[in-house]
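Q: Before I ask anything, here is the structure I am working with.
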Amino acid sequence: MLFWIIASLIVLICLLAFFLASKNNSPISNDSELNDEMKDEISVPNNSYFKAQLRELEKDIKSGLISKEEAQGAKAELAREIIKIKAETNAKKHKREVSALAISTPVFLISIILIALFSFFIYYQVGKPNLASAPLALRATPEGQKIEIENAIKKVEERLKENPDDARGWAVIGPIYMRMQRFDESVIAYRNILRLLPPSADTQTDLAEALLMANDGEVNAEIMALLKSASKLDPNHIRSRFYLAGEAMRAGDNESALKQWQELLTISSGQEQWLEIVNEGLSETQARINQQQSNNEQTQPQAEPNQTEPSQPDANAQADFIKQMVEQLETRLTKEGGTIEEWTQLVRSLLVLNEKDKAQQFYDKAKQAYPNDNERIELDNLAKQADLQ
């Protein structure tokens, strides 16, 4: 919608400029052309007539037929005739200009409006303004550019054949293989990088990703070892911890998954985009643990209640940790405000903690901070599911 508003304003400005220009430059013939046209009607015959009259007066004066005083009176009469003819000529000229302008202005306005409408129609049909933009990674690569990339890859590959210890070459071509979905070759590239350079959290995680893709998404011991090593090399490494938390959830190791999610929350600043994923993972993991504990309590004999007690402190500590993180988010949003995603995250977390009244309060604050319904679609859907007003 914004595009059409801007386009319409630009068109209106252009049309106004053309209209003003047309009024300042009327399509009427210039004075010389008009005088040439008038000569055929008035100027030429009258000039000949007046000159003949003057010659006759001069002859009559010389022959003594009239006196000089009578001759001056006759000349004055001729001058009045000339002034009258000039006045009639100017009146005709003005009448023609007004008539031409009255005709040209409506025609001009209709023409430019039709041109504008035709241009919008052509653009709407050919330009497809309603077509959603494709992500950059999914846009078709021009044929010439694709050939250039392939040629560059071949040159790097030839150089690596001659010098397989070129760490920089492997570092360049490894990510390219991943984007081209040549996962087996990407694995070779990252193995060589780790062989030639000191291990880093990024490189180990890159190799783990390549192995995961080459293995059709199946996690094996080598992948887990790489991810654990990456998280130890850099305790603040986000990617490796995401993989570890996700794999722990997939394997049903909820305690390990909960630990990974909590550590991700600890190293965050509270403004990262991936925090929503972490909170969802944390909530899901905690729900699994609670469900598992509930199932254990139902299946265990009443005579052995002590068997469930060791896990209770851990569950309480985990709940306290989650509440602490939510309280920090509450304080920051209340004092400083935040994005609509953060408000949504807070309301969701409060609902998970069964604090519906507080969720309602912060939902009301979020609506005050973001009065536009279009910005609160996800939050409003969440509130509707939780029966928030």
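Here, each number is a calculation from the coordinates, and none is a lab measurement. Bear in mind the structure is a predicted one, so any value in this text is a computation, not a measurement. Note that we place each Cβ from the backbone using ideal geometry, even for glycine, and neighbour counts take in every protein chain shown.
Q: Which of Phe118, Phe183 has the fewest other C-beta atoms within 10 Å, and how do the rest follow up to the most?
A: Phe118, Phe183
Q: Can you give the charge dipole size of the stretch 153-216 about its Cα centre, rounded to the nearest 20 debye, using +1 on the beta carbon of Lys and Arg and -1 on the beta carbon of Asp and Glu?
A: Value, rounded to 20: 200 debye.
Q: Based on the alpha-carbon gyration tensor of the stretch 153-216 and its eigenvalue square roots a ≥ b ≥ c, which shape applies: rounded if a/c is under 1.5, prolate if not and a/b is larger than b/c, or oblate? Before the final figure, lay out each step's value.
A: Values: a/c = 2.23, a/b = 1.22, b/c = 1.82.
Oblate, since a/c reaches 1.5 and b/c is not below a/b.
Q: For the pair Ile61/Ile113, report the inter-label distance in nm, with labels modelled 7 Å from Cα in the Cβ direction.
A: 6.4 nm
Q: What ³J(HN,Hα) values, in whole Hz, does the Karplus curve 6.51 cos²θ - 1.76 cosθ + 1.60 give for the stretch 235-246 when θ = phi - 60°, with x put for Gly and Pro?
A: My calculation for the stretch 235-246 gives x, 9, 7, 6, 4, 5, 6, 4, 4, 5, 5, x Hz in order.
Q: Starting at the first residue of the stretch 174-187, write each ³J(HN,Hα) from the Karplus equation 6.51 cos²θ - 1.76 cosθ + 1.60 with θ = phi - 60°, in whole Hz, x for Gly and Pro.
A: x, x, 5, 4, 5, 5, 8, 6, 9, 5, 4, 5, 5, 4
Q: Oh, and also: Please identify the GluC sites (Glu not before Pro) of the stretch 201-265 that satisfy two criteria: DSSP loop assignment and at most 13 other Cβ atoms within 10 Å. Which are they?
A: Hits after loop and neighbour filter: Glu218.
Q: Using 0.36 nm times the number of residues separating Glu77 and Thr339, minus their current alpha carbon distance, what extension gain do you get?
A: 85.1 nm
Q: Per-residue HN-Hα couplings for the stretch 376-382, Karplus 6.51 cos²θ - 1.76 cosθ + 1.60 at θ = phi - 60°, whole Hz, x for Gly and Pro?
A: Working through the residues one at a time gives 10, 4, 5, 5, 5, 5, 5 Hz.
Q: Taking the number of other C-beta atoms within 10 Å as the exposure measure, put Ser229, Ser67 in order starting with the fewest. Each step should come with its number before you reach the end.
A: Values: Ser229 15, Ser67 11.
Arranged by neighbour count, lowest to highest, Ser229, Ser67 become Ser67, Ser229.
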